[in-house]
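Presented below is the structure to which this report refers.
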There are 2 protein chains.
Amino acid sequence: MVRRTVYFVSDLTGVTAEQLGNSLLAQFEGIDIKAVTLPFVDTAEKARKVAEIIDRTAENDGRPPIVFSTLFIPEVRAIVHGSNGVMLDLFDAFLDPLERALGKKSLPTHKRPHDISESRSYNYRIRAMDFALATDDGRNERLYSQAELILLGVSRSGKTPTCLYLALQYGVFAANYPLDDDDLEAEALPGAIAPYRDKLYGLTISPERLRAIRAERRPTGRYSSPQRVAYELRAAEALFRRFGIPYIDATHSSIEEIASTILSETGLERRARTY
Amino acid sequence: MVRRTVYFVSDLTGVTAEQLGNSLLAQFEGIDIKAVTLPFVDTAEKARKVAEIIDRTAENDGRPPIVFSTLFIPEVRAIVHGSNGVMLDLFDAFLDPLERALGKKSLPTHKRPHDISESRSYNYRIRAMDFALATDDGRNERLYSQAELILLGVSRSGKTPTCLYLALQYGVFAANYPLDDDDLEAEALPGAIAPYRDKLYGLTISPERLRAIRAERRPTGRYSSPQRVAYELRAAEALFRRFGIPYIDATHSSIEEIASTILSETGLERRARTY
């Protein structure tokens, strides 16, 4: 196993540098990565400290660390890029072609919008998160008229993480409704969700995985018994099919994959966009 | 205002392409962007459909759309990149230099790790999210021994979104404890958190902003009155200072900025990394 030090350096939070770097590093195997994020490097002084850290690591490791950076401030970028790391910078690679494509210069650093917390897109994310929490697990059904999406599924099928991710990442107002015994045995759609047929989306999961997840919470008893779990999932899927509710099997999918699939299939708008 | 169509195209979820593109587009102003995410483009057939969409848009818009892509499958990339968009591809730009730096070839497509839901990093994120929900708003104080971080602040100062973000993005186990009247008037640290001094981190916010946030929930009454809000914030900040608890003013910061600052100041490990 080769050991490599990786830095994510940014004049802002470093989230984009991390995302960029991790996506690329996921394409390699057999490398033991020690990753360090250095955010808010927005002065020449901080840049010099970062350059020193990189140079020291290059010396200690006997090979240059890999540096994923999103450094927009030219002075800062020049200092960091003068160090002994392998520099992979988002703006270096893409800002020129993007300026050409848009026929516009990018904003000078001092004019960059600063206060993200006051942007409309950001406020959607926070409001959507409040909404997801307020309507989690079938609470506050009276708010369903405001939902853009209502996720259905049995207990622990992944509804809550999906709703929270959709809120935090995209500002989507997603509620979730747990299918209980009465719902699974009934002939009709539960009364709380019946008026919102076109907002419904189902989640299912394999019995083995659901059993494992439930056993972590309650190892014994009916809740995590194989028969019970298999029955609930069968009944939930039958309900989805009976009422033409689209659904996704979450067994082998991450929250990101589930969320992306749902948005793509429903055509729901990504109200907010993170960066 | 110039109108431009932007596509985020990926053979996976598109989250990285969105992050990359939005970070870059945030550097420009005066452009009205219509953004569309096209995820899971993982076959030649889907790639041809995407190329058609791009070509049609180029014709309709009278200018080429801008395409941020993370296409790792060579055949898919070749087809999409043959269309009439301005192509900005993450792997095009960085995979070669990264292969050289690592002295290794990236994994062939068919060998890419597929089932993220079974990775350790992913499971940290889900467990951390369960933890944040279980301990939200002072619930289940008995779990504090498992917390890596306990956020303190008055009602609506931003504790919950920060905890959930730390969980979802980084797999950090963060609880939050609301400072109530008794806590603010007491001489000592609240009993529930006193044993965990080195896990504590405070959040504060300007009175104006807190008043606005609280008024959305309850427009009248003491909860959102100027006097009340100012008193609570003054008392909370005094408590942070008295006990040497580090704290951050969240007034002008996004969740990402708050989270990144806390991680950077506490040195807490990012257990999980998204991509």
Legend entry - Residue in the range A:52-61 that is at pLDDT 95 or above and under 23 Å from B:Ile66 (Cβ atoms) present: no
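When only residues in the range B:55-82 that are hydrophobic (A, V, I, L, M, F, W, C) and more than 13 Å from every other protein chain (Cβ to nearest Cβ) count, which is surrounded by the most Cβ atoms within 10 Å (Cβ to Cβ)? Steps first, answer last, please.
Here is the first cut: in the range B:55-82, the ones hydrophobic (A, V, I, L, M, F, W, C) are B:58, B:66-68, B:71-73, B:76, B:78-80.
Subset that is more than 13 Å from every other protein chain (Cβ to nearest Cβ): B:76, B:78-80.
On the way: B:Val76: 25, B:Ala78: 12, B:Ile79: 21, B:Val80: 28.
Filtering first and then ranking leaves B:Val80.
Take the residues in the range A:243-275 that are of a type in the set (Phe, Trp, Tyr) and modelled with pLDDT of 95 or more; name whichever of them is nearest to B:Leu38 (Cα to Cα).
Start the filter on the range A:243-275 by keeping residues that are of a type in the set (Phe, Trp, Tyr), which leaves A:243, A:247, A:275.
In the following step, the residues that additionally are modelled with pLDDT of 95 or more were identified as A:243, A:247.
On the way: A:Phe243: 28, A:Tyr247: 19 Å.
The selected residue is A:Tyr247.
Could you count how many residues in the range A:256-275 are part of a helix (DSSP H, G or I) and either buried (at least 20 other Cβ atoms within 10 Å of the Cβ) or within 11 Å of chain B (Cβ to nearest Cβ) (or both)? Working first, answer last.
Of all residues in the range A:256-275, those part of a helix (DSSP H, G or I) come to A:256-266.
If we keep only those that are either buried (at least 20 other Cβ atoms within 10 Å of the Cβ) or within 11 Å of chain B (Cβ to nearest Cβ) (or both) too, we end up with A:256-265.
Final tally of qualifying residues: 10.
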Inset, instruction - Report whether or not B:Gly153 is in contact with a Pro (Cβ under 9 Å, 6 or more places away or on another chain) and over 21 Å from A:Gln19 (Cβ atoms). - result: yes
Legend entry - Top-ranked residue of the range A:202-240 - restricted to ones that are in a helix (DSSP H, G or I) and among the small types (Gly, Ala, Ser), ranked as surrounded by the fewest Cβ atoms within 10 Å (Cβ to Cβ): A:Ala238
Legend entry - Some residue of the range A:170-178 being under 30 Å from B:Thr251 (Cβ atoms), part of a helix (DSSP H, G or I) and free of Cβ contacts under 8 Å to residues at least 12 places away in the same chain: no
Legend entry - Checklist (1) at pLDDT 95 or above; (2) surrounded by 15 or more Cβ atoms within 10 Å (Cβ to Cβ); (3) under 28 Å from the mean Cα position of the chain (by Cα) applied to B:Arg197, failing item: (2)
Inset, instruction - Considering each of B:Val86, B:Val50 in turn, give the residue that is of a type in the set (Val, Ile, Thr), surrounded by 21 or more Cβ atoms within 10 Å (Cβ to Cβ), farther than 30 Å from B:Ala192 by Cβ and free of Cβ contacts under 8 Å to residues at least 60 places away in the same chain. - result: B:Val50
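For the range B:8-54, which residues satisfy the criterion of being in a strand (DSSP E or B) and within 10 Å of chain A (Cβ to nearest Cβ)? Quick ask: steps written out before the conclusion?
From the range B:8-54, those in a strand (DSSP E or B) are B:8-10, B:31-38; that's our starting set.
Those that are in a strand (DSSP E or B) and within 10 Å of chain A (Cβ to nearest Cβ): B:Phe8, B:Ser10, B:Ile31, B:Ile33, B:Ala35, B:Val36, B:Thr37, B:Leu38.
Taking A:Ser253 as the residue in question, decide whether it is part of a helix (DSSP H, G or I) and within 14 Å of chain B (Cβ to nearest Cβ).
So A:Ser253 fails the test.
Can you go through A:Leu133, A:Leu179 and tell me which one is modelled with pLDDT of 95 or more and facing chain B (nearest Cβ under 8 Å)?
Numbers: A:Leu179 fails: facing chain B (nearest Cβ under 8 Å).
Only one candidate qualifies: A:Leu133.
Quick check, is B:Leu88 more than 21 Å from A:Thr160 (Cβ to Cβ), at pLDDT 95 or above and within 13 Å of chain A (Cβ to nearest Cβ)? Walk me through it before giving the result.
Values: more than 21 Å from A:Thr160 (Cβ to Cβ): yes; at pLDDT 95 or above: yes; within 13 Å of chain A (Cβ to nearest Cβ): yes.
Judged against the criteria, B:Leu88 is a match.
The values are calculated or read from the model by the stated rules, or taken from the named source; none is laboratory data. Computed from a predicted model, the values in this text were never measured in an experiment. Neighbour counts run over all protein chains shown; Cβ positions are idealised from the backbone, glycine included.
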